[in-house]
1. On a full-extension model of 0.36 nm per residue, what is the gain between VAL561 and ASN239, subtracting their alpha-carbon distance, rounded to one decimal in nm?
2. Among 576-585, 647-656, how do they line up by average Cβ neighbours within 10 Å per residue, starting with the highest?
3. Based on DSSP H runs of at least 4 residues, each adding -39500 (n - 2.57), what is the mean residue ellipticity at 222 nm of the chain after dividing by all its residues, to the nearest 500 deg cm²/dmol?
4. So if R0 is 25 Å, what FRET efficiency would ARG692 and SER596 give, r being the distance between their Cβ atoms, rounded to the nearest 0.05?
5. Whole number in Å², please: accessible area per residue of the stretch 647-752, 1.4 Å probe, ligands, DNA and RNA not counted.
6. Based on the Cα coordinates of the stretch 624-673, what is the per residue volume of their convex hull in Å³?
7. Heads up, I need the accessible area for ARG135: 1.4 angstrom probe, whole protein in place, Å², nearest 10.
8. At 1.4 Å probe size, with every protein chain present, just tell me what the per residue accessible area of the stretch 407-542 comes to in Å².
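The values are calculated or read from the model by the stated rules, or taken from the named source; none is laboratory data. Since this is a predicted model, take the numbers as computed values, not measurements. Neighbour counts run over all protein chains shown; Cβ positions are idealised from the backbone, glycine included. Please note that ligands, DNA and RNA were not included when accessible areas were found on the heavy atoms of the full protein model with its side chains. Shrake-Rupley method; radii C 1.70, N 1.55, O 1.52, S 1.80 Å.
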Amino acid sequence: MPNSDNGRISADQLTLVEQASLASGATLWETKPVERVGLRAIRFSDGPHGVRRQGSRDEYVGSGRSEPATCFPPAVALGSSWDPALLQRMGVALGREARHLNVQVLLGPGINIKRSPLCGRNFEYLSEDPHLSGRLGAALIDGVQSQGVGTSLKHFAVNNQETDRQRVSADVDERTLREIYLAAFEYAVTQAQPWTVMSSYNRINGTYSAENRWLLTEILREEWGFEGLVVSDWGGVDNRVAALRAGLDIEMPTMGGSTDALLLRAVEEGNLAPELLEAMAERVLALIERAAAAPAVSAPDLAAHHQLAREIAGQCAVLLKNDGVLPLAGDASVAVVGELACTPRIQGAGSSQVTPAFLDSPLDEMRAVSGQEIPFAAGYSLDGGPPDPELEAAAVSLARAAEITVVFLGLPAPEESEGYDRTHIDLPANQLSLLAAVAATGTRVVVVLANGGLVKLSDWDHQAHAILESWLLGQAVGGAIADLLFGVVNPSGKLAETIPIRLEDTPSYLNFPGEQAHVRYGEGVFVGYRHHDAVGGAVSYPFGHGLSYTTFDYQDLGLTVRGRGETLAVAVTARLTNTGTRSGREVVQAYVSAPSRAVRRPPRELRGFRKVELAPGESTTVELVLPWRDLAYYDVALHRWSVDSGAVTIALGASSRDLRLTGQVTVVGTEVAPKITVDSTLAEWAAHPAGRNVLEREMQPPADSGESAARFLSEASLKTVGSFPLSRLARFPGAHLDAARLEEFAEEVNAS
């Protein structure tokens with residue numbers, strides 16, 4: 001059978017059976033070939049911080065048996081880099097390794113929002129903020145796909161917990177969906193066009209994501225213009241026919257042909273349009289052709305990639321606190337305690353677990369960078385059990401003899417994983433016991449943390465002179481931490497999530513993880529710092545926070561408004577100067593406060609950022625352009641994004657609570673008069689200029705009554721009866737309004 005005119009195989013060249021065969025995998029990782037027309041299979045592989053290519057046999061997804069590859073820092077660390085260019089470079093390296101390992105689609109990045117610190121998979125996600133997540137995710141996609149390897153943006157959508165993840169319904173209002181949980185996906189799709197998007201396991205407002213036509217077709221394809229293919233999460237399809245109707249293309253992994261048969265039967269019985277099956281096959285063919293176009297590459301330089309991983313990790317760790325103890329001098333009197341210093345945690349557990357090509361330990365690298373044989377004691381065991389008096393005593397003995405003791409603390413691997421959520425945010429008791437004992441010796445304490453989900457600091461922060469939150473830094477963790485502690489690299493990471501004082505202070509606390517197969521997103525758009533700033537609550541460390549070994553000065557804020565409505569943009573400029581004695585990077589963060597008359601909005605929202613490197617004494621002008629969508633909220637009544645006219649406050653700073661420059665601009669928004677109906681309230685009629693005119697004209701009492709229309713339309717009266725639909729109010733004897741003519745009046749108002 002001949003190919004289509006452009007030389008590629010088209011869906012109309014396949015039989016119905018062959019089209020249906022493309023709707024599911026052939027193995028755990030591969031699509032089905034069609035030998036009759038020379039169509040080969042392509043291979044997926046877990047990511048997103050490394051290529052987890054399993055062997056040719058169908059192995060269990062989470063087995064951990066995979067070929068060695070560079071284990072870059074996971075998303076929890078990458079989010080704190082605030083550097084899209086850095087993630088793009090990492091993506092290029094991932095793409096090269098994937099091609100060498102004969103992987104055509106890398107599963108990632110994951111850009112779900114960190115709604116709760118208890119989510120067991122938070123180590124795979126970037127941030128609590130969709131603006132930051134979307135831009136970093138798009139950069140990683142660009143990097144991978146520049147090498148002829150596809151990505152699978154995941155998990156679409158509202159996958160914010162592991163508890164009952166296969167069935168739970170995330171019950172979320174549309175405004176919250178649009179502004180928080182879909183916004184990062186929207187940016188990544190429209191700006192980077194991932195080859196595939198992966199549907200999530202969960203339901204959204206009762207409908208499985210894989211069967212949600214509103215999500216997969218109306219929003220993803222029709223609104224956002226997604227050009228690629230939708231693949232299920234592994235085992236994430238409940239009803240295959242409903243999923244195909246909704247817009248899901250490939251079901252993974254293999255179902256042994258059983259669900260393909262369901263599709264064929266549905267077509268034969270008239271329950272599935274054959275055009276939908278053909279459109280699915282066409283998208284699968286396009287993906288396979290795209291992957292086939294990439295030429296083979298030579299073996300990547302894994303040693304060079306290890307150095308890249310070290311560079312990236314060095315920009316991800318966040319210096320939370322520093323009372324002058326860091327950076328360490330090369331000849332400082334230093335001891336190291338904590339088993340995590342020589343047995344580091346580099347990544348989370350589950351489907352993203354990569355077999356690292358190399359692995360550095362922090363202890364070995366600290367000794368190499370300093371040139372000293374730094375003494376070490378384990379101090380605790382990694383099983384999270386009770387304090388061990390002998391281990392603790394040995395560590396305390398070292399600390400008494402040292403001017404500075406670096407204490408490595410963190411979460412044992414079983415504390416966080418794909419498949420289950422955490423139950424608390426505390427460090428293990430044996431580690432806290434060790435820290436208290438070391439601090440009591442009088443040594444100056446530097447704490448280095450290793451954790452995929454945030455941990456509570458408020459109980460022990462006072463015991464440390466410095467705290468370095470290193471998250472999980474991948475295979476080059478040792479070198480990166482040594483570089484940071486000894487000042488070879490200047491810390492530049494910024495928190496991508498708020499560190500609360502208590503778990504109880506987090507906005508989702510009373511609504512996580514839900515009950516009886518439902519989780520209610522009752523906090524709405526007030527996620528993370530949006531909540532903490534709205535209620536004025538104290539936090540341990542705010543969103544965007546991160547210290548440096550140098551200092552930066554912000555001057556000369558400039559705000560320029562261009563256009564109006566959907567052509568609106570605000571240009572923001574400021575002068576940034578390195579006022580310290582070391583070269584360093586600063587993340588300039590732009591926050592917008594755009595109050596609305598229609599909805600309650602957070603006091604400020606991240607809407608722009610730029611990471612800038614400056615030498616001592618060097619200055620530069622930083623410019624950010626904020627388009628109209630950065631000022632908008634989603635208006636559910638109008639089914640559109642809206643900007644209210646009026647004053648908008650824009651602040652630049654080093655965190656959501658360290659705002660250095662603030663200014664205001666006046667903008668002309670996108671207001672559209674709401675449609676008036678007979679069921680619109682009296683207040684809504686009165687707020688519409690034409691509506692008020694009609695009411696004043698028609699609500700005319702008899703001349704001898706001593707009343708007037710103004711009685712109902714006064715401010716005091718509207719407070720009392722303004723919530724009445726006009727159709728009901730018209731039935732009141734004193735309304736003096738012809739109920740039979742309300743439709744006529746509404747048409748007049750809407751036509752004005």
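1. Taking 0.36 nm per residue and subtracting the Cα distance, the gain is 110.9 nm.
2. Averaged packing, sorted descending, gives the order 647-656, 576-585.
3. On the way: 20 runs with 193 residues, N = 752.
So the calculated ellipticity at 222 nm is -7500 deg cm²/dmol.
4. My answer for the efficiency is 0.70.
5. 54 Å²
6. Convex hull of Cα atoms, per residue: 92 Å³.
7. Its heavy atoms expose roughly 60 Å² to the probe.
8. Averaged over the residues of the stretch 407-542, the accessible area is 29 Å².
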